[in-house]
Each structure stands twice: as structure tokens, then as C-alpha cells.
Amino acid sequence: MGTKHFRTLYDFQRWGMSIHLSCANPPCPHRAVLDPFLTCRWARLWRWPPAIEAGVLYHFRCSRCGARNPRIAPIEAAATHDWFPDERGWKLLERRLRG
């Protein structure tokens, strides 16, 4: 990766890299690749801390075994998980969380 440092979720967005999450539970082989723009939007709405070391990883959990604090790495690949809402869903979520 050279001199690119990934300390916050916004660094993934800035460098155009997808977010690769792998389960922290060694027997579980589950992995996911998330879109950085949608992940940052989701984190901003829920007011998660953007810094990776500050606990943003605690909010992610494995959908197979339920383990928290996954390992995170940048990857140049398309997103494999699309669990984010559509545009109407985003607007409803914004309205609900801010109002």
C-alpha cells in the first residue's frame, strides 16, 4: 500500500479502496467486502466514531457466528455485501435518526 494509511473509515473513501472485513473468530471463514461510501454514510448517520482504533469495528459483527471486532483491510475489489438500504430507505433512516 505504500504510504497510504488507513486510520479512519474516511481513508478508505479517500483512496477509493473497498473495506475488507474478515471474522475475528478463527474457526469462522466468513469474509465481506463493503462499499466505502455507503459504509461511511451509515457510520455518520449512526454517529459511530470514524477512527478504526476508537471502536468503530465493535459495531460490525459476523453474520454467521456473531463475533465482533473483525479484522479490517483495504482491498481493490467490488463490494460483495449490499445490506445498505435503497435511496428511500436512506431518507427514512435519516428522518428517524435526526428527528
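Values in this text are rule-based calculations from the coordinates and carry no lab data. These numbers were taken from a predicted model, which means no experiment stands behind them. Please note: Cβ atoms are built from the backbone with ideal geometry, for glycine as well, and neighbour counts cover all protein chains shown.
Return 6, 37 ranked ascending by Cβ neighbour count within 10 Å, so the fewest neighbours appear first.
Values: 6 17, 37 14.
Placing the least packed residue first, the sequence is 37, 6.
Which value, in debye to the nearest 20, describes the size of the charge dipole of the chain about its Cα centre when Lys and Arg Cβ atoms bear +1, Asp and Glu Cβ atoms bear -1, and nothing else is charged?
Details: 16 positive and 8 negative charges, 75 e Å.
With only Lys, Arg, Asp and Glu charged at Cβ, the dipole is about 360 debye.
With the crude spin-label approximation of a point 7 Å out along Cα→Cβ, what separation in nm comes out for residue 37 versus residue 4?
1.6 nm
Evaluate the relative contact order of the chain (contact order divided by residue number), counting alpha-carbon pairs under 8 angstrom at least 6 apart; express in whole percent. Mind dumping the intermediate values first?
Numbers: 138 pairs, mean separation 32.0, N = 99.
Dividing the mean separation by the residue count of the chain yields 32 percent.
Once you list every other residue whose beta carbon is under 14 Å from the beta carbon of residue 73, what net charge do they have if Lys and Arg are +1 and Asp and Glu are -1? Walk me through the intermediate numbers first.
On the way: positive: 4, 7, 31, 71; negative: 11, 76.
Taking every other residue near residue 73 into account, the sum is +2.
Looking at the chain, what % of its DSSP beta bridges pair antiparallel, to the nearest 5? Can you show the working numbers first?
Details: 11 of 11 bridges.
Taking every DSSP beta bridge with both residues in the chain, the antiparallel ones total about 100 percent.
Which ordering of 22, 63 is given by a fewest-first count of other beta-carbon atoms within 10 Å? Display every interim value, and only then the final one.
Numbers: 22 16, 63 11.
With the sparsest Cβ surroundings first, the list reads 63, 22.
Once amide H atoms are built 1.01 Å from N in the peptide plane, which residues 5 or more positions from residue 8, or in another chain, come under 5 Å H to H?
Amide H neighbours of residue 8, under 5 Å, 5+ apart: 52.
Starting from the Cα-Cα distance between residue 98 and residue 68, subtract it from 0.36 nm times their residue separation and give me the gain in nm to one decimal.
Working: separation 30, 0.36 × 30 = 10.80 nm, distance 2.65 nm.
Length difference between fully extended and current span is 8.1 nm.
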